[in-house]
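Note sheet for the following structure.
The values are calculated or read from the model by the stated rules, or taken from the named source; none is laboratory data. Source: prediction; values computed, not measured. Here the Cβ positions follow ideal geometry from the backbone for every residue, glycine too, while neighbour counts run over all protein chains shown. We work out accessible area using only protein heavy atoms, side chains counted, and drop any ligands, DNA or RNA first. Shrake-Rupley method; radii C 1.70, N 1.55, O 1.52, S 1.80 Å.
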Amino acid sequence: MSIVGTRVVRREDRDLITAGGTYVDDLRVEALSGAAHAVFVRSPIAHARIGGIDVSAAKEAPGVLGVFTAADLGLAPHPSGPLLEPWLAGDVVRYVGEPVALVVTEERYQLADAAELVDVDYEPLQAVATIEAALAGETLLFPDHGSNVVQVNGAKEFDDGIFGDCEVVVTQTILNQRVAPAPLEVRGAACVWGEDGRLTAWLSTQNAQMARGQLAAGLGVGEESVRVIAPDVGGGFGAKIGADPEATVLGWAARQLGRGVRWVESRSENLTAMTHGRAQRNTVTIGGKRDGTVLAYRLDVVQDAGAYPRMLLLPMLTELMAVGVYRFPKVETRSRAVVTTTTPIAAYRGAGRPEATAAVERAMDRFAAEIGLDPAEVRRGNFIRPEEFPYQSPTGASYDTGEYAAALDKALDAAGYAELRAEQQRRRAAGDPVELGLGIAAYVEITGGDGGGESGRVDIHPDGSVVAWTGSSPHGQGLGTSLAMLLSDQLGVPLEKITVRHGDTDEVPNAVGTFGSRSLQLGGSAIRQAAEEVIAQARELAADLLEAAPDDLELDAERGVWQVRGAPSSTVLSWAQVAEAAGGGKLSADVWFGGGAPTFPFGAHLAVVEVDTETGKVELRRIVAVDDAGPIVNPLTFRGQRHGGLGQGAAQALMEVVTYDEDGNPTTATLADYSFVTAAELPDFELVDMATPTDRNLLGVKGIGEAATIGSTPAVHNAVVDALSGRGVTHLDMPTTPIRVWAALEEARKGSAQ
Amino acid sequence: MKVSIEVNGRSLTEEVPDRTLLVHFLRDTAGLTATNIGCDTTSCGACTVLLDGESVKSCTVLAAQADGHAVTTVEGLSSSDGELHPVQRAFREQHGLQCGFCTPGMIMASVSLLADNPKPARDEVRAGLEGNLCRCTGYHNIVSAVVDASGQEVDR
Ligand code: FES
Ligand code: FES
């Protein structure tokens, strides 16, 4: 029986649970012995001109090896987007947390004392802390740019004519609040220049090769002069793609001092200076007929890009996925991105797609409520149908395969939807102060959407062992186990004999890395392709050894041996024997899988909440999730990815938000203030399996890393609004905190009293 | 100041700065890097260890306070022949970890939870682990792991 599709416990775990793994701050390697420690001095003010920086006292502090500011750096500016982001702020600071100086000391405990002595003269400027303030444009972050709007995409002008045939039109503004990716391991780096003039940088990154490119460009050296190693990485969620500017400054300081330097940020730094996610204000207009048919949909996106636009792709991805799972005849979208005096925004688990889904799924509920139909019914009537695939969406996405109605039906059946609706009615009739709410989200997402490929290499050694190198860079996903399972299945080699390596640019020079749920579909396909090439080589060698025609040979993938077809009792050759004959010490294939068109995983989630209308408290009771990402390699890790996504997505709906006061001061700068979901607030997840393959890669698989986050946020959000719908509430922004729920109920009460 | 702490059964006497936190003593002085630091507000539990058998967040304990006491970290849980502790085995079997960063603290908190409540219900596990954050797993499998380690059937 094939090992693929069976539940295999992770090979990654043993070291993690006995020795705690080796994250950047755990490195005790020879090259780093005697390395100095670094801390960034960061702006405590959202927007200010820097009058001067006095580092003299800091330089005298015990153990200080160097204090560096923008004036010392002499690096070409950091090309992060249409507007230049300084490595260290020299003239103006634009968010609380922006680095202004780097302090390096002998001992870790000397850092804080010395950093406190760096004296920066800030001349405050007006903060621009919200999208509204940015659009008003009274204060410009980049006066030379002439506007706080840094990107405009999509429709030049909206055409109200598209709603001309509609019997019902609803407009709703939906805030997709700013959240912090907050991986449990904060950012960290260690940099050492070797005597050969090469930099080795250990980084907590999802993507060593991209980080290498960024470091080399920033430092003005060739890529061959930089080696990046990602050791164990404690979560990334999109925020650890590549290298942050801090890593380049650290590499520069290590060169300047002629000494290794290591840096680990604090949690408060992480919450204010690592990029945030989401932060969109989306206005939807949806129109259709009273029978539930949607005729037209409009999505107007405003992306808060933070102080420096690092990833303007996000609002474009939101536009691309605007219609979700629906066949809307008329669609128009546009997006604008603005800069504000807040932490820069970049990818966070889903990166642009959760925002699209949250908007369209909230819109479907609003539309259903307006015409008085069940939201499940309205969704069913508008789904793209199985026979329509591949489906060219009006926003330019080419969906591969989908069974959207089936996914929704499975979720509703598993949940007992009809019975839940009946219970909701019973409670309402009885005047129960605790309302039941049901929230549906049907979603489709794009994975491997960058359209790039991935590298893979497979070596088989004369001792029968297999070593594979992947350009993907897992950080908790268990990809190493999944790839070993694929190889074991394909080659007939037991798992114990297979090693999967990743995350070192000297070992894997070419790669795209891990983001956008691309690893299994592209990285896995690359490994499959490399193994196919090894098999092809082996066939020739085995044919020589057995004196048979290559076409007459077959690999018995049960036993992992080569034999003459139809003569199983004749001589067989092991992989070891074939590898022995290969010369050069091994059989080897190094490939680039380039055929990776994007795939479109989909699913449907149902959330059940209870809302206490007297206190505003929301309790998440159930989440039932159907997530279809094609064939499943390892159900264990597949389900784990869904659990994690469900938890993070639900948390966005219920409690997570990064906030600033009107002066741009962060008010959620520690984990004591930033609501991070705990075990006590989540229910057990109810997962329903479904697998519709894609024909766009060698494995038929789609990505699963972000899918469950995308569906769960609107499901939980819709459930809370649904719970309040009997009391006149039609919309409520996330997170649905008690105070916000209570305020919405108050407002509705006042409204109905008038 | 000079402190003597028994770490995983081994007695360590070292001169450290007065303000040294236990977590830094473990990581930098004892060289045991499994115990992680995830926050600066005693909020995340990544640094959880056992101090005389009770779970504590070692980022909030001074090394000086642990002077003369016994500390157990995740490195000290499995037996010397490498056999996993039941909680370690269950975390692996139930996929109770992904990136693994919260895991040492989570395992130590679970050991302590089971010492107080040997047969916890799922809700009791959830309440008991409230002080330990995990960003990856959604907690579902962590709860399953603790239930499994307690010898009860995992039905999810
Ligand atoms: S590091 Fe101790 S609780 Fe977070
Ligand atoms: S496994 Fe990553 S934080 Fe828990």
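Against the criterion of being of a type in the set (A, V, I, L, M), open to solvent by 10 Å² or more (accessible area, probe 1.4 Å) and either in contact (Cβ under 8 Å) with a residue 24 or more places away in the chain or farther than 23 Å from A:Arg518 by Cβ (or both), A:Leu646 does not qualify. Tell me the residue from A:Ile446, A:Ile371, A:Ile440, A:Ile460 that is at pLDDT 95 or above, under 30 Å from A:Leu587 (Cα atoms) and β-branched (Val, Ile, Thr), please. Unique residue meeting the criteria: A:Ile460.
From the list A:Thr200, A:Thr173, A:Thr205, which residue is away from every other protein chain (no Cβ under 14 Å), hydroxyl-bearing (Ser, Thr, Tyr) and farther than 18 Å from A:Val29 by Cα? It would help to see each step written out before you state the result.
Values: A:Thr200 fails: farther than 18 Å from A:Val29 by Cα; A:Thr205 fails: away from every other protein chain (no Cβ under 14 Å).
On inspection, the qualifying residue turns out to be A:Thr173.
Restricting A:Gly220, A:Gly236 to those that are open to solvent by 30 Å² or more (accessible area, probe 1.4 Å), in contact (Cβ under 8 Å) with a residue 60 or more places away in the chain and of a type in the set (Gly, Ala, Ser) reduces the list to A:Gly220. Among the conditions (1) open to solvent by 10 Å² or more (accessible area, probe 1.4 Å); (2) of a type outside the set (D, E, K, R); (3) on the phi > 0 side of the Ramachandran plot; (4) within 16 Å of ligand 1 (Cβ to nearest atom), B:Val61 misses just one, which is (3).
Is it fair to say A:Thr401 is touching a residue at least 12 places away in the same chain (Cβ under 8 Å) and within 18 Å of A:Val720 (Cβ to Cβ)? No: the conditions fail for A:Thr401. With respect to the conditions (1) open to solvent by 10 Å² or more (accessible area, probe 1.4 Å); (2) out of contact with any strand residue (DSSP E or B) (no Cβ under 9 Å at 6 or more places or on another chain); (3) modelled with pLDDT of 95 or more; (4) not basic (Lys, Arg), A:Gly616 falls short on a single one, namely (1).
Here are some residues: A:Ala76, A:Ala48, A:Ala38, A:Ala58. Which one is open to solvent by 40 Å² or more (accessible area, probe 1.4 Å) and small (Gly, Ala, Ser)?
Among A:Ala76, A:Ala48, A:Ala38, A:Ala58, only A:Ala76 is open to solvent by 40 Å² or more (accessible area, probe 1.4 Å) and small (Gly, Ala, Ser).
Tallying residues that are of a type in the set (S, T, N, Q) and surrounded by fewer than 17 Cβ atoms within 10 Å (Cβ to Cβ) within segment A:154-185 yields 2.
Being in contact (Cβ under 8 Å) with a residue 24 or more places away in the chain and within 16 Å of ligand 2 (Cβ to nearest atom) is the filter here; which residues of segment A:651-679 pass it? Listed by number, the residues that qualify are A:Ala651, A:Glu656, A:Leu671, A:Tyr674, A:Phe676, A:Val677.
Where strands (runs of 3 or more DSSP E) fall wholly inside segment A:571-666, the ranges with 3 or more residues that are within 14 Å of chain B (Cβ to nearest Cβ) are A:618-628. Here the condition is being surrounded by fewer than 18 Cβ atoms within 10 Å (Cβ to Cβ), of a type outside the set (S, T, N, Q), within 20 Å of B:Ile107 (Cα to Cα) and touching a Ser or Thr at 6+ places or on another chain (Cβ under 7 Å); of B:Glu14, B:Glu54, it holds for B:Glu54 alone.
Residues of segment B:17-47 that are more than 10 Å from every other protein chain (Cβ to nearest Cβ), open to solvent by less than 40 Å² (accessible area, probe 1.4 Å) and β-branched (Val, Ile, Thr): B:Val23 alone. Quick one: is A:Leu111 over 29 Å from A:Gln177 (Cβ atoms) and in contact with a His (Cβ under 6 Å, 6 or more places away or on another chain)? Taking the combined requirement at face value, the residue satisfies it. Restricted to segment A:1-101, the set of strands (runs of 3 or more DSSP E) holding at least 1 residues that are within 14 Å of chain B (Cβ to nearest Cβ) and touching a residue at least 60 places away in the same chain (Cβ under 8 Å) comprises A:36-42. When A:Tyr297 is tested against (1) among the aromatic types (Phe, Trp, Tyr); (2) assigned by the TED database to the domain that holds A:Glu370; (3) within 29 Å of A:Gly213 (Cβ to Cβ), exactly one condition is not met: (3). Looking at A:Ala589, A:Ala582, A:Ala629, A:Ala597, which one is of a type in the set (Gly, Ala, Ser) and within 30 Å of A:Met734 (Cβ to Cβ)? One residue alone meets the criteria, A:Ala629. Residues satisfying the criterion are absent from segment A:269-281 (criterion: in contact (Cβ under 8 Å) with a residue 60 or more places away in the chain and more than 30 Å from A:Thr139 (Cβ to Cβ)).
Here is the figure for segment B:19-36: residues that are in contact with a strand residue (DSSP E or B) (Cβ under 8 Å, 6 or more places away or on another chain), part of a loop (DSSP other than H, G, I, E, B) and either near ligand 1 (Cβ under 9 Å from one of its atoms) or among the polar types (S, T, N, Q) (or both) total 2.
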